[in-house]
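Notes for the one structure printed next.
The values are calculated or read from the model by the stated rules, or taken from the named source; none is laboratory data. Keep in mind that what you see is a predicted model, and the values were worked out from it rather than measured. Cβ: placed from backbone, ideal geometry, glycine included. Neighbour counts: every protein chain shown. Please note that ligands, DNA and RNA were not included when accessible areas were found on the heavy atoms of the full protein model with its side chains. Shrake-Rupley method; radii C 1.70, N 1.55, O 1.52, S 1.80 Å.
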Amino acid sequence: GQGSAAAVPEKDDIQYLTPVQIGTPPQTLNLDFDSGSSDLWVFSSQTPSRQVNGQAQYDPAKSSTSSKVEGQTWSISYGDGSASSGVVYTDAVDVAGVRVPNQAVEVATKVSSSFSADENNDGLLGLAFSKINTVKPTKQTTFFDNVMKNLDMPVWTSDLKNDAPGTYNFGYIDESAYEGEISYVPVDSSQGFWSFEAAGWSVGNVSSTAPFKGIADTGTSLAMLPQEVNTAYYKQVPGAAMSYSLGGYVFPCDAKIPEFTFKVGDVSITIPPSFINYAVADEEGKKCFGGIQPDTDIGFSIFGDVALKAAFVVFDAGSEAAPRLGWAKK
Ligand SMILES: O=C(CCCl)NNC1=[NH+]CCN1
């Protein structure tokens, strides 16, 4: 089988939401498909009402196909400091016609303030590797791991867009969604992420051919890149500076900013200036926040949405012996 689902951006493309049907009769929730984590969790009838602020809530009691997985709990925290926790059910989960009859649906009994504040986000659907699923004592498997055997190809793809709906496809590669060749690189899934080596970068007339490690992460908004990339990039932006109060590199909103190119295998992906002028950062509306920020405290780079929306990306977990990532221009 195969399926195609919309990836609808929230304000400033901070994240992308995709409708998912859970249970019988189907309850539709809009979830953040996150290749940087491996739990499918949802706002629910068991989420304290003071933590619910407009989100859709999954109610297992209203689903004839739900069943509680006794004695199992989960607790997750993300790179941005957000967190959630709760208990576990299984139920039918359908994404664009691709169906898992008994998917672990992690029901939130607690969510952190940034989740409560985001009324459009009803939960996350993890698409990293199942080894970092947080359910204890019995780790659960991701939606992609569960559907892979039924897919025409063991792949899913991302085609995110700037301030416009994009697409997540399951089980096939849409040849009309990209240009030129797809460059495949090996994935090291030992940390549970879609981790790969980029082959270098360039900004203006400054470039490097030194490889650097990063993860493809649809759940992170920005491109968190090596400090030397940030130094070289913002040196080419008049008035740019690191603002500890605003939380990163900012620059005058009317500054002319360069594009940024990174290489994966023999394909060069160029992030246009419009993606890097990420959002207004201050009250006066004069300083804008950069879409490229340092990865200094993480230990690897994160190719989040700012980078992913410049490319067509194939998350391939099974065509070859090892998982691999394919990157193409579009
Ligand atoms: O947590 C991370 C970073 C992994 Cl190194 N990405 N996924 C995510 N989901 C919500 C916020 N961020």
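When you look at Glu228, is it of a type in the set (Asp, Glu), open to solvent by 30 Å² or more (accessible area, probe 1.4 Å) and closer than 30 Å to Asn169 by Cβ, yes or no? So Glu228 does not fit the description; no.
Screening Asp266, Asp295, Asp305 for residues that are touching a residue at least 40 places away in the same chain (Cβ under 8 Å) and open to solvent by 60 Å² or more (accessible area, probe 1.4 Å) leaves exactly one candidate, Asp266. Scanning segment 170-216 for residues that are part of a strand (DSSP E or B) and either open to solvent by 40 Å² or more (accessible area, probe 1.4 Å) or in contact with a Pro (Cβ under 6 Å, 6 or more places away or on another chain) (or both) yields a count of 12.
When residues in segment 38-57 are screened for being under 23 Å from the mean Cα position of the chain (by Cα) and within 24 Å of Phe143 (Cβ to Cβ), 11 of them pass. Contact map, segment 155-177: first residue within 19 Å of Thr270 (Cα to Cα) and in contact (Cβ under 8 Å) with a residue 24 or more places away in the chain, second residue among the basic types (Lys, Arg) and open to solvent by 50 Å² or more (accessible area, probe 1.4 Å), Cβ cut-off under 8 Å, separation 6 or more or different chains; pairs are Asp159/Lys330; Ala177/Lys330.
In segment 140-155 there is at least one residue matching the filter, namely being modelled with pLDDT of 95 or more, touching a Phe, Trp or Tyr at 6+ places or on another chain (Cβ under 7 Å), part of a strand (DSSP E or B) and farther than 28 Å from Val69 by Cβ. For segment 264-302, a residue qualifies if it is in contact with a Ser or Thr (Cβ under 8 Å, 6 or more places away or on another chain) and within 17 Å of Ala198 (Cα to Cα), and the qualifying residues are Val264, Gly265, Asp266, Val267, Ser268, Ile269, Thr270, Ile271, Asp295, Phe300, Ile302.
Filter segment 99-132 for residues that are of a type in the set (Val, Ile, Thr) and under 17 Å from Asp59 (Cβ atoms) and give the result. Val105, Val107, Thr109, Val111, listed by residue number. Scanning segment 129-143 for residues that are open to solvent by less than 20 Å² (accessible area, probe 1.4 Å) and in contact with a helix residue (DSSP H, G or I) (Cβ under 9 Å, 6 or more places away or on another chain) yields Ser130, Thr142.
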